[in-house]
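The values are calculated or read from the model by the stated rules, or taken from the named source; none is laboratory data. Values in this document were obtained by computation on a predicted structure and should not be read as measured data. Because the Cβ atoms are built from the backbone with ideal geometry, glycine has one as well, and the counts that use them run over all protein chains shown. Note: areas computed on protein heavy atoms with side chains; ligands, DNA, RNA excluded. Shrake-Rupley method; radii C 1.70, N 1.55, O 1.52, S 1.80 Å.
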Amino acid sequence: MDTNEIRLEALDLNQQGALLLKNGNITEAQAKFDKAIELDPMVMESYKNYGDLCMETQKYSDAKNYYKKALLIDKRGELYFLYGNACFMNDNPHEGIENYNLAITNGYDSEDMMFFMGMAYEHLNDDQMALRYIQKACMKNPSRPDFKIKKISVMLRLNMLENAEETVDELLKDSPELFDGYHIKTQLLLSKGKLEDAELFAKNACDRFPDDADLMYDYIRCITAAQRLDEALNLIQKAKKMEYFEQSKRNFILLEAQIAAEKGDMQAAVNGCNECKALENGAYFDGEARFMLMNLYLAEKTFDKASEEAGQLIDKELEDNYYYAALYYRAFCMQQMGKTEQAASLFKEAASIYRVVTLKRPEAVDIYLYRAMCMRDLNDNNKALELLDFVENIAGEVAEIHTLRADIYKKIGKMALSNEELEKAFAIKPELKSGYAKEE
């Protein structure tokens with residue numbers, strides 16, 4: 001067989017293997033690619049297709065190796081994109097982004113690549129850059145609802161509520177059959193304090209899709225936000241009879257626990273959170289339920305149990321909002337249990353982690369506030385006040401800045417200033433007033 005025939009045979013085997021892979025015949029596809037490489041080791045498609053096979057079987061490190069071999073033969077943009085995907089899925093988003101940029105340099109800038117770049121930046125907690133590339137993906141293909149859903153989620157984290165609402169309305173118009181649009185619209189209305197609008201919208205969504213348990217959950221959340229707690233509990237009982245309730249069971253259990261806490265039934269709330277924990281498996285860790293349970297134990301002053309929940313949130317190292325909160329509250333619990341040396345060490349450790357985070361994410365106001373709380377509890381009051389002044393300059397009117405200042409002023413005996421700060425906090429968030437006993 002001459003060289004040309006060998007090359008054609010290898011290409012034919014690759015095409016057959018690619019079709020087998022598409023149909024899920026992994027073993028047969030692998031045999032075709034092996035034979036193609038044996039016939040002609042210089043056919044780029046063999047390594048590219050082998051990389052695709054490894055991605056399909058979640059062997060991302062092997063996929064990187066095969067795509068790298070393909071790139072040695074042909075440095076085309078698509079291969080850099082595929083190599084970047086393998087890096088991203090192999091928990092190396094920095095290397096992924098580097099190769100996505102090489103793909104662009106080599107003339108490849110597909111909608112999917114822009115979307116993957118956005119997700120890589122999202123993984124790195126750089127939401128500004130994530131939004132930039134997800135918007136590019138949306139511009140390349142405005143009809144992709146998954147692009148719009150991801151765009152909305154990033155906008156919400158950036159507190160771009162008006163922009164998010166516009167995109168949700170587009171999603172509802174273009175993809176009225178998707179649950180996500182109705183869910184996000186309800187959450188947006190709730191976050192903007194438009195309780196009546198949220199309830200009406202959620203009720204209409206339920207009427208349109210009467211078998212959708214998730215939309216029923218959103219409607220009950222609206223009822224709960226309106227403080228019609230008994231009505232909400234009755235609706236949860238009805239939801240339990242829905243055909244697809246089991247798929248949304250965890251959300252209803254946690255909502256029931258939240259309602260129990262609102263009604264003062266702390267044991268029922270604790271039981272609900274523990275029931276959510278029991279639904280965890282190896283791949284799923286319920287940070288929200290554990291965070292609520294930690295707060296319930298804090299409210300009951302059961303600091304040993306609160307510390308245990310905080311420790312489990314920290315051990316997962318998910319670096320989400322629950323993780324960063326738990327860093328502070330683990331130290332706080334130690335302080336409340338009289339373990340002052342251990343508490344001081346944990347406050348310092350938490351403050352150091354918060355500093356690193358704010359160096360990477362200077363807009364992370366909540367992290368600055370946790371850092372100030374650590375300084376306060378370490379009796380470094382002047383530094384805490386300096387940091388709060390800085391946060392106020394970059395964030396504007398945030399009630400928690402004033403409550404923290406009030407705590408510090410109270411601690412150092414400046415009651416007039418403490419009361420003044422509390423009044424500023426109450427002006428921003430009137431609902432805080434019930435939680436504070438103002439010093440006369």
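Restricting ASP197, ASP214 to residues that are open to solvent by 30 Å² or more (accessible area, probe 1.4 Å), out of contact with any Lys or Arg (no Cβ under 9 Å at 6 or more places or on another chain) and closer than 19 Å to ILE152 by Cα narrows the list to ASP214. Reported count of residues in segment 274-294, each being in a helix (DSSP H, G or I) and under 20 Å from the mean Cα position of the chain (by Cα), is 10. In segment 110-119, the count of residues that are over 25 Å from the mean Cα position of the chain (by Cα) and surrounded by fewer than 24 Cβ atoms within 10 Å (Cβ to Cβ) is one or more. Does PHE81 fit the bill of being among the aromatic types (Phe, Trp, Tyr), in a helix (DSSP H, G or I) and modelled with pLDDT of 95 or more? Taking the combined requirement at face value, the residue satisfies it. Residues in segment 368-427 that are part of a helix (DSSP H, G or I) and β-branched (Val, Ile, Thr) were compared, and the one that is farthest from the chain's Cα centre (by Cα) is ILE408. For TYR244, indicate whether it is aromatic (Phe, Trp, Tyr) and within 23 Å of the chain's Cα centre (by Cα). No. TYR67 fulfils the conditions (1) within 26 Å of LEU20 (Cβ to Cβ); (2) modelled with pLDDT under 95 except for a single criterion, (2).
Go through segment 200-228 and give me each residue that's outside any helix (DSSP H, G or I) and closer than 19 Å to ILE259 by Cβ. Outline the logic, then answer.
Residues of segment 200-228 that are outside any helix (DSSP H, G or I), as a first pass: 209-212, 226-228.
Passing the criteria: ALA226, GLN227, ARG228.
Just one of the listed residues (LYS348, LYS383, LYS360) is touching a residue at least 60 places away in the same chain (Cβ under 8 Å) and either open to solvent by 30 Å² or more (accessible area, probe 1.4 Å) or among the aromatic types (Phe, Trp, Tyr) (or both), namely LYS360.
More than 21 Å from the chain's Cα centre (by Cα) and among the aliphatic types (A, V, I, L, M), is that true of ALA226? Taking the combined requirement at face value, the residue satisfies it. Flag set for PHE285, criterion: out of contact with any Ser or Thr (no Cβ under 8 Å at 6 or more places or on another chain), touching a residue at least 12 places away in the same chain (Cβ under 8 Å) and under 30 Å from TYR354 (Cα atoms). Scanning segment 149-182 for residues that are part of a helix (DSSP H, G or I) and within 16 Å of the chain's Cα centre (by Cα) turns up ILE149, LYS150, LYS151, ILE152, SER153, VAL154, MET155, LEU156, ARG157, ASP180. Once segment 28-46 is narrowed to residues that are crowded, with 16+ Cβ neighbours inside 10 Å and outside any helix (DSSP H, G or I), the residue that is farthest from the chain's Cα centre (by Cα) is ASP40.
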